[in-house]
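Peer 1: I have a structure here, written as structure tokens, and I will follow up with some questions on it.
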Amino acid sequence: MNDLSLTTLEGGKKAISAETIEAFAGKLRGGVLIASDDGYDTARTIWNAMIDRRPGLIVRCAGASDVVNAVNFARDNGLLVSVRGGGHNIAGNALCDGSLMIDLSSMKSIRVDPIARRARIEPGATLADVDAETQAFGLAVPTGINSTTGIAGLTLGGGFGWITRKFGLTIDNLLSVDLVTADGKLRHANKEENPDLFWAIRGGGGNFGVITSFEFQLHKLGPQVLSGLVIHPLENGEAVLREYRKALEDAPDELTCWTILRKAPPAPFVPSEWHGKEIVVLGICYCGDLQKGEKAAARLRSIGAPVMDLVAPQPFTQWQGAFDALLAPGARNYWKSHDFTELSDPLIEVMIDAAWRLPGPECELAIAHVGGAAGRVPVEGTAFPQRKSHFALNVHTRWREPEMDESCIAWARGLFDAAKPYAAGTAYVNFMPGDEMDRVEAAYGVNYPRLVETKQLYDPMNLFRMNQNIRPNPARSAA
């Protein structure tokens, strides 16, 4: 192995000798990769193909001891460090040129206790991994809607999906974590032990340490749920969204309905004459008794004259992966997002207008339906602040050719600006691209000062900065 020149926290370079690297690697159960090694390019490939960065040293962790050694090595040498779980983050924060990357993707162990209804999950697991293990016992933890997403990043940012309204956010079901803080200590955090740290990691992202294990509360669910798509032509979009809004006013917590505006994909369940045409999709999931679900979903399914109605009982694991093909790795992606307390008529008009001007066949607007149990947690109860927002808009541009970058990004930013007057002001950090670091404080709202204090206590040197970064404030500590 040759000497390495690695990026420092100050943005400079530091030479690390081959002997030092080899001694470090000898402490690991996993191993290290450099650019000349087989497997390096695979390890640095993440979901968003727009992000093409080359870490100087990749630490392939096999367990908590490897994470401790990696954090100590990075801190002692003043190295810029990034952390990879599932590699799904839109901003690409798992990667940084010349940095030390802590790669957790091999840590996938999941242990379910069906009696206590709890699960211990390592940070490399994906949502598909989690669902496969928990559903084997008729149990589930609320997560997201794309099964290739990593459990770690999703959880640290909040986590919401099809069963959030019934069971709360992913972080609302988090019982404890083990994490390595910037001082290299492995700490346990829950509501009694290190409660300040436990509060902060529930929504505060990867700012406070590297999680080596999550413990979740599980809930009885499935194996089948009533779920599926109801598809309308965009010509009827405004009327559909107004009726959708009304139908949700008294929806039970078990019922969730997301809305997607896009061009119909060439999927086998879509009639060929609709391929490539603009549509409004109602994605419905009822996580309870199937007969009650039929009654609860009836109003949504009776809206207008849909092109098709594909709502039926199906395995929860199948529904969790229903959108995977449309969100597969390898495409270029750019997101913009707002939270909303309501879908006003002017906002609906803005979204319909944008949907007629989609810059590519894979671009879409997704309106997440939240609230319910997630909205009944106090704003100050966790770092995640947007409890009163019942809808989250993800402007999702997705394309293949680099020459489309400018037009796709411009469309997303234009829609973001047009929708801003109707937004709540907060933001879901998991939907924030890399050029939105100026939104971090607003995203956390009233919880931001407490997050800064916790950051100053546990990471005063801002070792963990490759994230939606909460910067420490030495002045607060001195006071």
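Peer 1: Counting just the residues of the range 1-31 that are in contact with a Lys or Arg (Cβ under 7 Å, 6 or more places away or on another chain) and assigned to a strand (DSSP E or B), which one comes out farthest from R54 (Cα to Cα)?
Peer 2: Of everything passing the filter in the range 1-31, G31 is farthest from R54 (Cα to Cα).
Peer 1: If you check G203 against the conditions, is it on the phi > 0 side of the Ramachandran plot, touching a Pro at 6+ places or on another chain (Cβ under 9 Å) and either at pLDDT 95 or above or not in a loop (DSSP other than H, G, I, E, B) (or both)?
Peer 2: Taking the combined requirement at face value, the residue satisfies it.
Peer 1: Based on what the data block shows, is I163 closer than 30 Å to F73 by Cβ, surrounded by 21 or more Cβ atoms within 10 Å (Cβ to Cβ), touching a residue at least 12 places away in the same chain (Cβ under 8 Å) and among the β-branched types (V, I, T)?
Peer 2: Considered against the rule, which asks whether it is closer than 30 Å to F73 by Cβ, surrounded by 21 or more Cβ atoms within 10 Å (Cβ to Cβ), touching a residue at least 12 places away in the same chain (Cβ under 8 Å) and among the β-branched types (V, I, T), I163 comes out as no.
Peer 1: Same structure, new question: Exactly one of (1) of a type outside the set (A, V, I, L, M, F, W, C); (2) closer than 23 Å to K263 by Cα; (3) surrounded by fewer than 21 Cβ atoms within 10 Å (Cβ to Cβ) is unmet by K292. Its number?
Peer 2: The single condition K292 does not satisfy is (2).
Peer 1: A further question on this structure: I'd like the full set of residues that are assigned to a loop (DSSP other than H, G, I, E, B) and out of contact with any helix residue (DSSP H, G or I) (no Cβ under 7 Å at 6 or more places or on another chain), limited to the range 163-187. Before the answer, list the steps.
Peer 2: Taking the range 163-187 and keeping what is assigned to a loop (DSSP other than H, G, I, E, B), we get 163, 168-170, 181-185.
Hits for the range 163-187 are I163, D183, K185.
Peer 1: Looking at the range 75-128 only, could you name the residues that are within 20 Å of G206 (Cβ to Cβ), in a strand (DSSP E or B) and of a type in the set (A, V, I, L, M)?
Peer 2: L79, V81, V83, L100, M101, I102, I121, listed by residue number.
Peer 1: Taking N467 and the conditions (1) touching a helix residue (DSSP H, G or I) at 6+ places or on another chain (Cβ under 6 Å); (2) closer than 30 Å to G330 by Cβ; (3) in a helix (DSSP H, G or I), which numbered condition does it fall short on, given that it satisfies the others?
Peer 2: All conditions are met except number (3).
Peer 1: Looking only at the range 391-415, count every residue that is buried (at least 22 other Cβ atoms within 10 Å of the Cβ) and assigned to a loop (DSSP other than H, G, I, E, B) and tell me the total.
Peer 2: 0
Peer 1: A follow-up question, please. Any chance you could count how many residues in the range 318-351 are surrounded by 19 or more Cβ atoms within 10 Å (Cβ to Cβ) and farther than 19 Å from T259 by Cβ?
Peer 2: Selection size over the range 318-351: 3.
Peer 1: Now, a different point. Looking only at helices (runs of 4 or more DSSP H) that lie completely in the range 275-377, which have at least 3 residues being on the phi < 0 side of the Ramachandran plot and within 21 Å of the chain's Cα centre (by Cα)?
Peer 2: 316-320
Peer 1: Is it the case that some residue within the range 445-456 is among the acidic types (D, E) and either free of Cβ contacts under 8 Å to residues at least 12 places away in the same chain or more than 23 Å from N207 (Cα to Cα) (or both)?
Peer 2: No: zero hits.
Peer 1: I would also like to ask the following. So if I check each of R53, R29, which one is more than 23 Å from the chain's Cα centre (by Cα) and either without any contact (Cβ under 8 Å) to a residue 12 or more places away in the chain or surrounded by fewer than 22 Cβ atoms within 10 Å (Cβ to Cβ) (or both)?
Peer 2: Details: R53 fails: more than 23 Å from the chain's Cα centre (by Cα).
Just a single option satisfies the conditions, and that option is R29.
The values are calculated or read from the model by the stated rules, or taken from the named source; none is laboratory data. Values in this document were obtained by computation on a predicted structure and should not be read as measured data. So basically every Cβ, Gly included, is an ideal-geometry build from the backbone, and we count neighbours across all protein chains shown.
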